[in-house]
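The values are calculated or read from the model by the stated rules, or taken from the named source; none is laboratory data. Being a predicted model, the structure only gives us computed values, none of them experimental. Cβ coordinates were reconstructed from backbone atoms using ideal geometry, including for glycine residues, and neighbour counts include every protein chain displayed.
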Ligand code: UD1
Ligand code: CA
């Protein structure tokens, strides 16, 4: 179920597209579902509010979509799915806003349902603070459920019940659809509540049971920004714990933001306040110092990333040294053992093995060979206001400080560019190019001026 608006988030973005652990809530739920019913074609996402946006964001998962054009409650969501589900024996219902659920728990819920020969089985959990959730009213001392009562309808006595309805269920399809029309909208939200199926099925003499999970953390829903923050923090900590178990050192894990799909090899060190996002991969023996934000990048072995580096869609080879404060923009390829220093910005470049650009430099649209030295303040002038042009610097070249290289231009193998040059013409191999005004010295000029 993913059709709701998420009123409590006060957001333009539909609730199920809000992120936790670096992924939309719904994507976490779909991933779990697909591991239970391996073919995504057996998964149906019920969408409604901002349906096209949700559909586009989830299209890559390969699941089906059912449109609930008007969102008239969780019970109504299942009414709308009737046709799509015809032909199945069971339906497992998952809440699209509860992303911590695991395939193992869904699997156990299904097994329990089949074993108990129930018409409806709900996943329940014992929460410290059950506020906001539906409470499970049990037939005393049994697995059987009498009803689910929503927070708003609960009496003071019922509000004390800490066993909550998680929003995950298994129904025997025939039982669900032969009784679903008995749901009414006689409640606080004037909606069809799926939870009311418990009472409806009981009344019809069918079996309704609850399977209580031993992992209540898995059922938390992200209905408010505070709940989202809580879920996000739990996912991040779980990710850090996993990485640490795999041999990664993380100082102060509570300060690190590491997305679910990030990979880090053993014996790398992540310092406090680091963000590793998207599909970032880090090799072994690396050190990522504080305040780095790295997205979708691949870092080889033994790379040192000093504080404050920002990196996106970048590849860094083994033994390179970056930062502090380097900005590596998409398409940067940093060669083995190369150095990129403070306040150096790169974009769409290849910097060859052992080459160095240590200070205050912009390198864009450039092909730079091995063993090249780029002096402080070098700038590749890659943009003429309309088009981007390429700069080529061959192996072993030396670019003096404060040079501007006006692309398209090439500096040949082993060539030198004198400091403060503006290079507009190609520089042949092994030559020296100087492109600057000649210095004039007026002896005694300053002394004379002072006398005046
Ligand atoms: C629901 C349950 C509550 C349970 C809680 C667990 C009902 C009436 N209440 O409350 O007992 O404790 O989940 O998290 O079901 N949705 C639709 N179509 C709709 C309405 C909702 O697809 O017309 C989707 C939402 O997008 C969401 C899910 O169903 O993913 C649950 O809806 P939500 O409004 O969050 O229900 P809760 O108030 O959390
Ligand atoms: Ca919810």
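Selection over the stretch 210-226 of residues that are within 16 Å of ligand 1 (Cβ to nearest atom) and surrounded by fewer than 18 Cβ atoms within 10 Å (Cβ to Cβ) gives a count of 6.
The rows are residues; the columns are (1) touching a residue at least 40 places away in the same chain (Cβ under 8 Å); (2) closer than 18 Å to residue 78 by Cβ.
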position	(1), (2)
141	no, no
156	no, no
162	no, no
175	yes, yes
187	no, yes
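Restricting to strands (runs of 3 or more DSSP E) lying wholly in the stretch 1-95: which have 1 or more residues that are within 15 Å of ligand 2 (Cβ to nearest atom) and within 23 Å of residue 231 (Cβ to Cβ)? Full working, then the answer.
Details: elements: 44-47, 64-67, 90-93.
The strands (runs of 3 or more DSSP E) meeting that bar are 44-47, 90-93.
For residue 276, the conditions (1) surrounded by 16 or more Cβ atoms within 10 Å (Cβ to Cβ); (2) more than 13 Å from the chain's Cα centre (by Cα); (3) closer than 21 Å to residue 21 by Cα all hold with the exception of (2).
Among the residues in the stretch 82-105, are any free of Cβ contacts under 8 Å to residues at least 24 places away in the same chain and either closer than 19 Å to residue 206 by Cβ or touching a strand residue (DSSP E or B) at 6+ places or on another chain (Cβ under 6 Å) (or both)? No, there is no match, as no residue in the stretch 82-105 is free of Cβ contacts under 8 Å to residues at least 24 places away in the same chain and either closer than 19 Å to residue 206 by Cβ or touching a strand residue (DSSP E or B) at 6+ places or on another chain (Cβ under 6 Å) (or both). Do we have residue 99 as within 16 Å of ligand 2 (Cβ to nearest atom), farther than 30 Å from residue 156 by Cβ and modelled with pLDDT of 95 or more here? Yes, satisfied. Candidates in the stretch 175-188 are the residues that are part of a loop (DSSP other than H, G, I, E, B) and touching a helix residue (DSSP H, G or I) at 6+ places or on another chain (Cβ under 8 Å); of these, the one that is surrounded by the fewest Cβ atoms within 10 Å (Cβ to Cβ) is 188. Note on the stretch 380-417: residues that are under 18 Å from residue 354 (Cα atoms), without any contact (Cβ under 8 Å) to a residue 24 or more places away in the chain and in a strand (DSSP E or B) total 2.
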